[in-house]
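Comments concern the structure below.
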Amino acid sequence: MKRYYQPEIETMPLEQLRELQSQRLVAQVKHVYENVEFYRKRMDEAGVKPEDIHGIEDLHKLPFIEKDDLRDQYPYGLLAVPLSDCVRIQSTSGTTGRRVVAFYTQHDIDLWDECCARAIVAAGGTKDDVCQVCYGYGLFTGGPGLNGGSHKVGCLTLPMSSGNTDRQLMFMEDLEATILCCTPSYASYLGENVVERGLKDKIKLKAGIFGAEAWTEEMRRDIENKLGIKAYDIYGLTEISGPGVSFECEEQTGMHVNEDHFIAEIINPKTGEVLPEGEKGELVFTSITKEAFPLMRYRTRDICVLSRKKCSCGRTHVKMSKPMGRSDDMLIVKGVNVFPSQIEMVLLKNGLTSNYQIIVDREKYSDTLEVRVEMTPEFFTDTLTDLAQKEKDVVAQLKSVLGIYADVKIVEPKSIVRSEGKAVRVIDRRNLYQG
Amino acid sequence: MTIKQISIFAENRPGGVLNVVQALAGVSVDIRALNVADTKDYGIIRMIVSDAEKAEKVLAENGGVFIVNDVIGVRIPDAPGGLSAVLSLLAKKGVNVEYLYAFINTSGSNACVVLRVNDNEYAQKVLVDAGMSLLTDDDIKKL
């Protein structure tokens, strides 16, 4: 049995798909040019008019949009419809503490949900399944996205959100969950608990859809063994919609981009030049169907490869590899975007220095974040109570800015390793990126 | 009347304190009193030295983080009950002691206690009014 949610779209012949993309792109360019001053200005500066875009072959003429632009246009600068037409926001952290807010009309939510439904069906989901969603709910797109997809498929949805492992396992067993949606690190953690508590024969899971952070093939096999499931990768970003921008099929050799909604390009991150299929570079997305917050040629900063090699699942949509790295300094820790600049801002505000180091590690499949920073006379005091309080304040501010806990360790001046005079900012010990 | 205390930040690792005392020895600064407060990750080395200015200079050259602040030094009889007289007085007057440490003056029969309190002015007044003898920086130099 073939597993498609929308077979006519997912297996659409390539020529027809390109034609559909072209039509939608032309309409979308017109929509943003007419309704968003930012795009109008950018396109005018680049000397491109909506009439110059006849189809996807002209996409490269459009200027890029970057995360900094999103920050600068916060909150309404990129809104392409009246606010009264919007029904939801989702949000993710920006580069300097200011958040990125994405708006959705009901149409935008529906297409996002559809994308997630495709991922669930590709993982074997049907209306008879019980789908346990333990991504965070709220501003983070993980929970709402998979929740919406699960509804579309008609699964019984368990909107668990993240955390409370005892309750997760209780519902997993008692309500016989068959599909698990969460971050891969949480899936590993659940897997470990399932094994330790002897639940493996009692649970009914068959598949898992895991995304929002990088994970290795080794981790996949480990999760699959511990939970007795097949584990599928899913990719997405709030700026473009959320999870479900692309998803894995049973072949598990890359994620099909939902090309009827999002056009993917690979560019040279230094020159911006579009690279041919199969070459490694930065992934760029254009939303061609979103109404409220359509991003045109958004630079994701994820480094990956696109492939049009025929897939055994029958889908015609292009496949992207797992991200192999970043072209900026963003880290993904516990599924959350972390920029060194956000951390630096908090440190400087508290009288500490820009001589700091961020150490990311993974203990028992869960990410840890440590910030080592050199002591300064401004921060230092002679009493332990004051010093402990100041440290606590820094930890609390980091938690508030980043959304996750960071362990702060204050070290002696000049003790952080420098390379060519500059402190080595990030040490990522997780070795997540392969190839 | 207060005395200068130097507090130095030191990570918890072999040689953390050594580096500091070596620097002071190098310029013939004598440590009159020393106290180390430690946490899991770091310590604060607090000291009263024979020449605070000289010590500051060499510590700055040494590249470490330190601060200098005023603390109260009180002479107490080097006998049982000497310290409790001071502390009961401060407690009675509502002075909160953040930390304290003591040292013995080998040339006399006095001990000295170094007090870090929440309100230096008020604590000094309380002590002087009760007839206690406070140390000055000059006294420290001459010890």
Inset, instruction - Net charge near A:S91: determine it from the other residues with C-beta under 14 Å of the C-beta of A:S91, scoring Lys and Arg +1 and Asp and Glu -1. - result: +4
Inset, instruction - With both partners inside the protein assembly as shown, how many of the DSSP beta bridges are antiparallel, as a percent to the nearest 5? - result: 75 percent
Inset, instruction - Could you tell me what % of all Cα pairs in region B:70-142 have separations over 13 Å? - result: 64 percent
Legend entry - Computed over region A:322-435: relative contact order in percent, which uses C-alpha pairs under 8 Å that are six or more apart: 32 percent
Legend entry - Calculated Rg and Dmax of region A:1-115 using C-alpha coordinates, Å: 16.5, 51
Legend entry - Charge tally in the Cβ shell below 12 Å around B:D138, where Lys, Arg are +1 and Asp, Glu are -1, B:D138 excluded: 0
Inset, instruction - Over the alpha-carbon set of region A:46-200, work out the extent along each principal axis and list the three values in angstrom, largest first. - result: 65, 35, 31
Inset, instruction - Note down the net charge around A:S246, summing +1 for each Lys or Arg and -1 for each Asp or Glu among other residues with Cβ under 13 Å from its Cβ. - result: -2
Legend entry - Shielding of B:94-100 by partner chains, average beta-carbon count, 10 Å: 1
Legend entry - Sorted by Cβ density within 10 Å, fewest first, the residues A:L139, A:L62: A:L139, A:L62
Inset, instruction - State the antiparallel share, in %, of DSSP beta bridges confined to region A:181-303, rounding to the nearest 5. - result: 70 percent
Inset, instruction - Go ahead and set up a Gaussian network model of chain B, Cα springs under 10 Å, then flag whichever of B:G73, B:G82, B:G15 fluctuates most. - result: B:G15
Inset, instruction - Select from A:F380, A:F103, A:F247 the residue whose mean-square fluctuation is largest in a Gaussian network model of chain A (Cα-Cα springs shorter than 10 Å). - result: A:F380
Legend entry - Rotationally averaged projected area of region A:332-428 (alpha carbon convex hull; nm²): 6.4 nm²
Inset, instruction - Could you tell me the distance between the Cα centroids of region A:346-417 and region A:122-160, to the nearest Å? - result: 37 Å
Inset, instruction - Past 27 Å, Cα to Cα, is the threshold; run A:K41/A:K290; A:K206/A:K319; A:K49/A:K280; A:K67/A:K290; A:K226/B:K40 against it and keep the listed order. - result: A:K49/A:K280; A:K226/B:K40
Inset, instruction - For chain A, build the convex hull from the C-alpha positions and give me its volume per residue in Å³. - result: 156 Å³
Inset, instruction - Once you have all Cα-Cα distances for region A:84-156, histogram them in 10 Å bins from zero and send the whole-percent values. - result: 20, 44, 27, 8, 0
Legend entry - Whole-number percent relative contact order across region B:70-142, with pairs defined as alpha carbons under 8 Å at least 6 apart: 42 percent
Inset, instruction - Please figure out what share of the DSSP beta bridges in region A:332-428 is antiparallel and state it in percent, rounded to the nearest 5. - result: 60 percent
Inset, instruction - Using the Kyte-Doolittle scale, find the helices of chain A whose mean hydropathy is at least -1.0 and whose Cα atoms extend 20 Å or more along the helix's long axis, counting only whole DSSP H runs. - result: A:14-35, A:106-122, A:384-402
Legend entry - Dmax and Rg, reported as Rg then Dmax, of chain B (C-alpha, Å): 15.5, 45
Inset, instruction - Considering only lysines 8 or more places apart in sequence, or on different chains, count the pairs in region A:332-428 whose C-alpha atoms sit under 15 Å apart. - result: 10
Legend entry - Taking N as its residue count, the alpha carbon Rg of region A:227-313 over 2.2 N^0.38 Å: 1.13
Inset, instruction - Could you give the C-alpha radius of gyration of region B:3-68 expressed as a fraction of 2.2 N^0.38 Å, taking N as the number of residues it contains? - result: 1.01
Legend entry - Relative contact order of region B:1-97, defined on C-alpha pairs under 8 angstrom at six or more residues apart (%): 36 percent
Legend entry - Percent of Cα pairs exceeding the 21 Å cut-off, where the set is region A:113-265: 36 percent
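Where a number appears in this text, it was derived from the coordinates with a stated rule and is not lab data. Computed from a prediction, not measured in an experiment: that's the story for all the values here. Ideal geometry is used to build each Cβ from the backbone, glycine not excepted, and the neighbour counts take in all protein chains shown.
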